[in-house]
Amino acid sequence: MVEEKIKKEAEEEAQAQVDIWKYVFGFTEMAVVKCAIELGIPDFLEGQDGQAMTLDGLSAALGCSPSSLYRIMRFLTNRGIFRQVNQGLGCSSQNSTSNAIACSSITYVQTPLSRLLARNGEKSMAAIVLLESSPVMLSPWLGLGRRVLANSPPPFDTYHGQDVWSYAQNNPAHSKLINDAMACDARVAVSAMINGCPQVFEGISSLVDVGGGDGTALRTLLKACPWIRGINFDLPHVVSVAPRSDGVEHVGGDMFHSVPNADAAFIMVSTVSGCCMTGEMTNVSAY
Ligand SMILES: C[S@@+](CC[C@H](N)C(=O)[O-])C[C@H]1O[C@@H](n2cnc3c(N)ncnc32)[C@H](O)[C@@H]1O
């Protein structure tokens, strides 16, 4: 009995010594996925119509060395993002003939996971990864301990000295990252709503999307329900750069002051950005 207990404890300790490395290098998962999106690997493979692409061909198309790319792809295939079709012999940085042959014999295809990382895919999550892996969003997480101890404002506000929406207003590039990420989420969520409960939208002639970002949710909705007049309501700096489209009127304002009138309103608060919208909505005449 005692021996068994000692053995079990030793096994658990050995496992802990393995598991700890997940936390030491946990950041690499996000960093390598971000790298794949930025290099355009999912988009390039998506354009191959299901044909496997050689490592050599991929590296030539992306303009990088096969050996560097091989290391990235080995990481990603190990996690089920991309599939290596043949085993190949590996590809090192040595410039030998046998190595050149090895690189040309390795081929890759997309997987359901890598398809979500193609920038223009219908269900793309690429923009969300790019937002969340940006230094602006990541840095505040690194001060989480201080936030817990001091019970201070949200880490983003403490780190940047302003809330996420004010930061976005003052930094158009970051605002675009947010809007693009929210659009990804809206495409998927609204399509699911339309497919899952289309009756919700029957009999509604006007609808205001409160905090609707760049209007993607309403544009997606109006394709299925063209009888609805959409009002996309968001902060002025967001609607001023939102794409125009028939049937959707953009209105800038602050939801905590007032919201445009409509038959119905919806508020989709995505959880993806880890951000928050605090305040009380008063004088809301829609609903
Ligand atoms: C988390 S995003 C949600 C976007 C989209 N509805 C979705 O779920 O994908 C919150 C949105 O609310 C907007 N927002 C934040 N504070 C606001 C305010 N006081 N008045 C109007 N819009 C606001 C932001 O600009 C942003 O577009």
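The values are calculated or read from the model by the stated rules, or taken from the named source; none is laboratory data. None of these values were measured; they are calculated from a predicted model. Don't worry about glycine lacking a Cβ; one is built from the backbone with ideal geometry, like all the others, and counts go over all protein chains shown.
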Next item on the list: Go through the stretch 204-237 and give me each residue that's free of Cβ contacts under 8 Å to residues at least 40 places away in the same chain and loosely packed, with under 14 Cβ neighbours inside 10 Å.
Entry: 223, 226, 227, 236
Check: Restricted to the stretch 161-190, and to residues that are surrounded by fewer than 17 Cβ atoms within 10 Å (Cβ to Cβ) and without any contact (Cβ under 8 Å) to a residue 40 or more places away in the chain, which residue is nearest to residue 223 (Cα to Cα)?
Finding: 173
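Looking only at the stretch 198-210, decide whether some residue is near the ligand (Cβ under 10 Å from one of its atoms) and modelled with pLDDT of 95 or more.
Yes: one or more hits.
Could you tell me whether residue 168 is within 30 Å of residue 261 (Cβ to Cβ), of a type in the set (Gly, Ala, Ser) and at pLDDT 95 or above? Break it down into steps so the answer makes sense when it comes.
On the way: within 30 Å of residue 261 (Cβ to Cβ): yes; of a type in the set (Gly, Ala, Ser): yes; at pLDDT 95 or above: yes.
When the stated conditions are applied, residue 168 passes them.
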Notebook entry, point to check: Just wondering, is there one or more residues in the stretch 30-47 that are modelled with pLDDT under 95 and not β-branched (Val, Ile, Thr)?
Noted result: yes
Notebook entry, point to check: Which condition breaks for residue 178 when tested against (1) part of a strand (DSSP E or B); (2) within 22 Å of residue 31 (Cα to Cα)?
Noted result: (1)
Next item on the list: Output the residues belonging to the stretch 101-139 that are surrounded by 19 or more Cβ atoms within 10 Å (Cβ to Cβ) and in contact with a strand residue (DSSP E or B) (Cβ under 9 Å, 6 or more places away or on another chain).
Entry: 103, 106, 108, 110, 114
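Residues checked against (1) away from the ligand (no atom under 16 Å from the Cβ); (2) among the basic types (Lys, Arg):
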position	(1), (2)
131	no, no
142	yes, no
147	yes, yes
180	no, no
183	no, no
218	no, no
224	yes, no
Notebook entry, point to check: Which one of these does residue 48 not meet: (1) out of contact with any helix residue (DSSP H, G or I) (no Cβ under 7 Å at 6 or more places or on another chain); (2) crowded, with 17+ Cβ neighbours inside 10 Å?
Noted result: (2)
Next item on the list: With the checklist (1) within 16 Å of the ligand (Cβ to nearest atom); (2) of a type outside the set (Gly, Ala, Ser); (3) at pLDDT 95 or above; (4) not in a helix (DSSP H, G or I) in hand, flag the one item residue 117 doesn't pass.
Entry: (1)
Next item on the list: Of all residues in the stretch 116-160, count the ones that are of a type in the set (Ser, Thr, Tyr) and closer than 30 Å to residue 220 by Cα.
Entry: 3
Notebook entry, point to check: Given (1) under 18 Å from residue 268 (Cα atoms); (2) touching a strand residue (DSSP E or B) at 6+ places or on another chain (Cβ under 7 Å), where does residue 247 come up short, assuming only one miss?
Noted result: (1)
Next item on the list: Using the structure shown, decide if residue 130 is of a type in the set (A, V, I, L, M, F, W, C), modelled with pLDDT of 95 or more and not assigned by TED's automatic domain parsing to the domain that holds residue 46.
Entry: yes
Item checked: helices (runs of 4 or more DSSP H) fully within the stretch 1-62 counting 1 or more residues that are within 16 Å of residue 77 (Cβ to Cβ) -> 27-39, 41-46, 55-62
Item checked: Residue count for the stretch 238-287, restricted to those that are within 20 Å of residue 174 (Cα to Cα), surrounded by fewer than 16 Cβ atoms within 10 Å (Cβ to Cβ) and at pLDDT 95 or above -> 6
